[in-house]
1. Could you list, in sequence order, all residues of the range 135-149 that are in contact (Cβ under 8 Å) with a residue 60 or more places away in the chain and open to solvent by 50 Å² or more (accessible area, probe 1.4 Å)?
2. Taking only the range 154-178 into account, find how many residues are in a helix (DSSP H, G or I) and more than 26 Å from Gln93 (Cβ to Cβ).
3. Can you report the number of residues in the range 1-58 which are under 15 Å from Val112 (Cα atoms), assigned to a helix (DSSP H, G or I), open to solvent by 10 Å² or more (accessible area, probe 1.4 Å) and touching a helix residue (DSSP H, G or I) at 6+ places or on another chain (Cβ under 7 Å)?
4. May I ask you to verify whether Gly81 is within 12 Å of the ligand (Cβ to nearest atom), surrounded by 13 or more Cβ atoms within 10 Å (Cβ to Cβ) and small (Gly, Ala, Ser)?
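The values are calculated or read from the model by the stated rules, or taken from the named source; none is laboratory data. This is a predicted model, so every value here is computed, not measured. We place every Cβ from the backbone using ideal geometry, glycine too, and count neighbours over all the protein chains shown. Calculation scope for accessible area: heavy atoms of the full protein, side chains included, ligands and nucleic acids excluded. Shrake-Rupley method; radii C 1.70, N 1.55, O 1.52, S 1.80 Å.
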Amino acid sequence: MKKLIFMGPPGAGKGTQAETIKEKFKIPQISTGEILREAVKNSTPMGLEAKKFMDAGDLVPDVVVIGIIKDRLAEPDCSKGFILDGFPRTVEQAEALGKILRETKMDLDAVVNLAVPDQELVNRLLSRAKIEGRADDNEETIKNRLKNYNDKTFPLIDYYRKEGILKEVNGVGSMEEITMEILSVLG
Ligand code: AMP
């Protein structure tokens with residue numbers, strides 16, 4: 001059973017690594033960022049609400065992302081495992097997730113934290129902006145996303161360390177090296 005969270009600052013490579021690891025374990029990757037971008041693209045009511053936060057590099061309100069995760073985890077393909085990529089990002093989200101998992105009698109196996117220094121993140125995000133053209137990858141919103149990460153998401157490292165399921169991985173290196181390290185900490 002692989003019920004995993006991939007955590008790390010924006011630009012740490014969680015999405016990329018989650019893509020590889022999900023193939024390996026044949027489990028779904030659940031990216032709140034992707035689900036929100038899809039909702040924005042389709043101009044759904046949720047997308048219209050989320051867009052202003054995303055464009056500014058702010059977090060979308062907890063109630064919205066918690067609702068997304070609750071619905072997604074209820075889908076049958078999640079019963080054998082999943083990778084949460086980009087959720088939780090606040091202590092409130094982590095607590096809501098704990099409640100959902102207790103109610104559905106699921107347990108997290110590991111929280112993988114990818115650590116990357118700030119300056120490296122800014123460089124990576126700016127170069128991704130050029131390649132992918134994401135609306136939230138400009139210098140000002142990048143700074144705001146890093147600030148939000150440091151203020152709101154960083155405390156989750158300690159939260160999951162206390163739960164005894166935190167696995168720390170150095171997020172600097174080649175894609176293959178980092179994948180190997182993740183597989184090794186997952187055992
Ligand atoms: P990401 O692709 O994970 O970097 O997410 C892109 C944007 O979507 C973030 O900057 C937030 O605005 C929003 N977002 C994604 N996941 C969450 C979350 N768990 N909580 C709040 N906002 C989120």
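1. In the first step, residues of the range 135-149 are kept if they are in contact (Cβ under 8 Å) with a residue 60 or more places away in the chain; the result is 135-136, 140-146, 148-149.
The answer is Ala135, Glu140, Lys143.
2. Within the range 154-178, residues that are in a helix (DSSP H, G or I) and more than 26 Å from Gln93 (Cβ to Cβ) number 3.
3. Number of matching residues: 2.
4. Taking the combined requirement at face value, the residue does not satisfy it.
Rundown of residues vs (1) of a type in the set (Val, Ile, Thr); (2) more than 10 Å from the ligand (Cβ to nearest atom), yes/no style:
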{"position": "Glu34", "(1), (2)": "no, no"}
{"position": "Glu38", "(1), (2)": "no, yes"}
{"position": "Lys51", "(1), (2)": "no, no"}
{"position": "Ala56", "(1), (2)": "no, no"}
{"position": "Val65", "(1), (2)": "yes, no"}
